[in-house]
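First up is the structure itself, then whatever we jot down about it.
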Amino acid sequence: MRLPTKPVLFTLALAAAAAAFAQNTQGPAPSAAQQPPPATIFKGVTNVWTPVTVQDSSGEFVLSLAQRDFHIYDNGVEQTIQGFDVAGVPLSAALVFETSSKMAVYLPEIQKTGILFTQNVLGTSGEAAVLGYNDTVDQLQGFTQDHDQIEKVIGHMQSSTAGTHLYDALSQAVGMLRNQPPSRRRVIIVISDGNDGGSEQPLGQVLREAQVANITIYTIGLSPTAAQLRGQPKSGAPPSATPPGIDAQPHIPGTAPGADQGSYQSGNVDILSLARLAVKEATKPIRQHTLEIAAVASGGMYQGAVKDRSIETDIDQIGAELNGQYILTYQPSAADVFGYHTIVVKIDVPDLRIRTRPGYFLQKPGS
């Protein structure tokens, strides 16, 4: 069974509500036929997209499962799976690059990644937009399927000021993806050191919006300390390879930190709990593990480009996952229950590891 050609997403419900509000406050009032019924916007008509990655004990992607093998639980209640596909949904990707001055030493490697994004991530039907951020957020390229243009923009990327408005960049990427056709998979891929300074948007609110818009976030963490060592080698004992908030522990390729242990861990830190807390307490400041939290909260994957790993290797791994991912959709049976909804996916086949989004926050209109 293929996904519906025009699935109705939480994004559409929010967009319809926003449009109705704008029309009531600006310009002539629309006709009754144009106004959506406010009492039913959030009831029984919304679909949740749930990307699911399945791997065996050796880390290989498992692509032979059928819809009957999966079970989805929303707030503990099993749901009816209404859409099922295996990597066949066209992709819209917002590529977000940190362009602060401290990333200058990584630029030669980053500038060569354009062809990896176009060939290994987007595929023939994919489209991408390119954002760069420092103390401002710059849209370097709007959404396009012109792969040559995407590669050109990435190939000419330059570093700038020392600012790091990461959360504002994520917020802008979410806004751009929200306007893409709802029939496309929506992902953000971030290459950054994970630090934020001066953003107006809090991370928790950005992740709320990403969850409701069915956006998955993949993050590649670069260490500014390692960058300094690469740019200016020094004698003596090297400092720590990563700054606070960036996990240097090697992870099994294709998994979020600690996914193989049944929870998401970064050292002694429970990233899954932090991700849920960030979304529930949307305005609470988040200062550490931001790239991991963003990936786990949306069902994506964090990778640290440290030691013998490279940015190219991490991009290849993201592409492999996106091309080996199950996409399940369902209409939640409690779509009028506002607050945080947990998502749990189980499969009937034993000895396989799965990863998906842990939940989403459904905010009551007007709150």
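Within the range 49-68, residues that are at positive phi have Cβ atoms under 6 Å from residues that are not in a helix (DSSP H, G or I) in these pairs: 59/252; 59/253; 59/254, counting only partners at least 6 apart in sequence or on another chain. The one condition from (1) in contact with a Ser or Thr (Cβ under 7 Å, 6 or more places away or on another chain); (2) closer than 15 Å to residue 188 by Cα that residue 170 does not meet is (1). Where helices (runs of 4 or more DSSP H) fall wholly inside the range 271-348, the ranges with 2 or more residues that are among the acidic types (Asp, Glu) and in contact with a strand residue (DSSP E or B) (Cβ under 7 Å, 6 or more places away or on another chain) are 311-322.
Within the option set 99, 80, 46, 11, being at pLDDT 50 or above, in contact with a helix residue (DSSP H, G or I) (Cβ under 7 Å, 6 or more places away or on another chain) and either of a type outside the set (Lys, Arg) or under 18 Å from residue 332 (Cβ atoms) (or both) holds for one residue only, 46.
Restricting to the range 129-172, name every residue that is closer than 21 Å to residue 197 by Cβ and β-branched (Val, Ile, Thr). Answer for the range 129-172, where residues must be closer than 21 Å to residue 197 by Cβ and β-branched (Val, Ile, Thr): 136, 137, 161, 164.
Kindly establish whether residue 84 is in contact (Cβ under 8 Å) with a residue 24 or more places away in the chain, more than 24 Å from residue 149 (Cα to Cα) and of a type in the set (Phe, Trp, Tyr). It is true that residue 84 is in contact (Cβ under 8 Å) with a residue 24 or more places away in the chain, more than 24 Å from residue 149 (Cα to Cα) and of a type in the set (Phe, Trp, Tyr).
Does the range 313-327 contain any residue that is over 17 Å from the mean Cα position of the chain (by Cα) and either assigned by TED's automatic domain parsing to the domain that holds residue 50 or at pLDDT below 90 (or both)? For the range 313-327, residues over 17 Å from the mean Cα position of the chain (by Cα) and either assigned by TED's automatic domain parsing to the domain that holds residue 50 or at pLDDT below 90 (or both): absent.
Any residue that is at pLDDT below 90, in the same structural domain as residue 157 (by TED's automatic domain parsing) and under 21 Å from the mean Cα position of the chain (by Cα) - is there at least one of those in the range 223-236? Yes, the conditions are met somewhere in the range 223-236.
Could you list, in sequence order, the residues of the range 138-195 that are in contact with a strand residue (DSSP E or B) (Cβ under 6 Å, 6 or more places away or on another chain), among the polar types (S, T, N, Q) and assigned to a helix (DSSP H, G or I)? 172 - this is the single residue of the range 138-195 that is in contact with a strand residue (DSSP E or B) (Cβ under 6 Å, 6 or more places away or on another chain), among the polar types (S, T, N, Q) and assigned to a helix (DSSP H, G or I). In the range 335-350, the residue that is nearest to residue 207 (Cα to Cα) out of those that are crowded, with 16+ Cβ neighbours inside 10 Å and within 22 Å of the chain's Cα centre (by Cα) is 340. For residue 312, the conditions (1) out of contact with any helix residue (DSSP H, G or I) (no Cβ under 8 Å at 6 or more places or on another chain); (2) surrounded by fewer than 23 Cβ atoms within 10 Å (Cβ to Cβ) are fulfilled apart from (1).
This table checks each residue for (1) within 15 Å of residue 129 (Cα to Cα); (2) surrounded by 22 or more Cβ atoms within 10 Å (Cβ to Cβ); (3) small (Gly, Ala, Ser).
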{"position": "161", "(1), (2), (3)": "no, no, no"}
{"position": "169", "(1), (2), (3)": "yes, yes, yes"}
{"position": "175", "(1), (2), (3)": "yes, no, yes"}
{"position": "192", "(1), (2), (3)": "no, yes, yes"}
{"position": "197", "(1), (2), (3)": "no, no, yes"}
{"position": "212", "(1), (2), (3)": "no, no, no"}
{"position": "219", "(1), (2), (3)": "no, yes, no"}
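Here 23, 35, 67 are screened, and the one residue that is in the same structural domain as residue 334 (by TED's automatic domain parsing), at pLDDT 80 or above, of a type outside the set (Lys, Arg) and over 30 Å from residue 198 (Cβ atoms) is 67. Mind listing just one residue for me: the one in the range 75-113 that is among the charged types (D, E, K, R) and either under 20 Å from the mean Cα position of the chain (by Cα) or outside any strand (DSSP E or B) (or both) and, of those, surrounded by the most Cβ atoms within 10 Å (Cβ to Cβ)? Selected residue: 98.
The set of residues in the range 179-206 being more than 21 Å from residue 117 (Cβ to Cβ), touching a residue at least 60 places away in the same chain (Cβ under 8 Å) and charged (D, E, K, R) consists of 196 alone.
The values are calculated or read from the model by the stated rules, or taken from the named source; none is laboratory data. What you are looking at is a predicted structure, and each value in this text was computed from that prediction instead of being measured. Note: ideal-geometry Cβ built from the backbone for every residue, glycine included; neighbour counts use all protein chains shown.
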